[in-house]
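To keep things clear, I will list the structure first and then write my remarks on it.
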Amino acid sequence: MVKGMEHLHRMNELMKEFKKEMEALQKVDMEHRERYHVVEDMLVDLDHVPEILSLNGSESAKTISLYRKTLLERNDLQDYFSFINTHGKELEFLRGTVESVVPRFEKFFNNYESDMYRFRTEEGYDFFNQFKEVDKRTAKKYVMPSGKVVGTDNVVEGNPVETEATKPNEAESTNITHVEKVQPVSKTRCKVSTAGNQWYIREDSEDILNTVNIVEVVEYILDNSDKEFVMNPAEKKRLLHFIKMVKKKPKGKSLFFIDGVKRLEAEWTA
């Protein structure tokens with residue numbers, strides 16, 4: 001995915017978050033306005049307490065403490081109302097813009113992600129299909145030159161509705177080539193281990209990755225989903241801890257990386 005599309009995805013997520021925050025703000029705004037009336041009435045009550053009751057030293061201290069606390073709460077509410085009164089129109093404009101843009105963004109991304117590639121030549125499809133387990137590793141569905149749709153699911157007909165005009169007769173059906181189900185290929189096992197801060201990934205007793213950067217380890221695992229990675233519980237725990245930290249602070253990470261670590265977390269904690 002080009003970086004521009006990553007930014008557009010992120011903008012879409014931020015707009016949806018902004019919409020939720022605006023809805024929450026609207027609810028809290030009403031609560032603040034109701035609370036402000038209560039605070040004002042509370043200050044009036046506290047003003048009259050010394051008139052109707054003779055207070056001793058500790059009672060006076062309690063009254064003054066509550067009065068001060070109530071004054072500070074009123075000041076905070078007044079600061080909030082001051083901001084809303086000054087910038088309320090801008091916030092409403094932003095909310096209106098977001099509410100109109102989000103559905104259009106969603107429609108675009110739904111169409112973008114559901115788009116599929118149609119191979120134009122048998123040679124191109126044969127070249128693509130030479131790689132291991134392509135039907136399980138593809139990011140989106142693709143269409144064979146014959147018209148069959150292929151992707152992460154089983155092969156399905158591109159046009160499942162048959163009419164009398166398109167339905168092959170018995171003589172023609174004998175010439176149709178059937179696609180045989182490919183037996184799954186056993187995955188290559190890779191051993192993940194650590195020694196201090198050093199990480200190793202070994203395949204057939206040969207080091208294929210030797211690094212102190214845990215990000216490189218996770219990226220290698222994500223980029224080689226056709227392999228089986230074996231590690232002890234302590235190493236898996238360290239990787240899961242790193243994944244949780246990435247999810248908390250995704251800044252600077254690509255959407256592919258974030259989606260990948262979420263998938264790993266789901267698989268490893270299942």
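The values are calculated or read from the model by the stated rules, or taken from the named source; none is laboratory data. None of the values given here were measured: they were computed from a predicted structure. Methodologically, a virtual Cβ is constructed for each residue, glycine included, from the backbone with ideal geometry; neighbour enumeration extends over all protein chains shown. All accessible areas refer to the heavy atoms of the entire protein, side chains included, with ligands and DNA or RNA removed. Shrake-Rupley method; radii C 1.70, N 1.55, O 1.52, S 1.80 Å.
Quick notes on this one:
- Scope the stretch 59-69; condition open to solvent by less than 70 Å² (accessible area, probe 1.4 Å) and either among the small types (G, A, S) or modelled with pLDDT of 95 or more (or both); matching residues: S60, A61
- Boolean, N85 is without any contact (Cβ under 8 Å) to a residue 24 or more places away in the chain, in a helix (DSSP H, G or I) and under 19 Å from E23 (Cα atoms): yes
- Here Y117 passes the criteria (1) at pLDDT 75 or above; (2) open to solvent by 80 Å² or more (accessible area, probe 1.4 Å) except the one numbered (1).
- Test: F119 is under 30 Å from K227 (Cβ atoms), outside the structural domain of E228 (by the TED database) and touching a residue at least 24 places away in the same chain (Cβ under 8 Å): yes
- Residues of the stretch 22-43 classified as among the hydrophobic types (A, V, I, L, M, F, W, C) and within 29 Å of the chain's Cα centre (by Cα), total: 4
- Residues in the stretch 177-201 that are out of contact with any Asp or Glu (no Cβ under 9 Å at 6 or more places or on another chain) and open to solvent by less than 80 Å² (accessible area, probe 1.4 Å) were compared, and the one that is modelled with the highest pLDDT is Q198.
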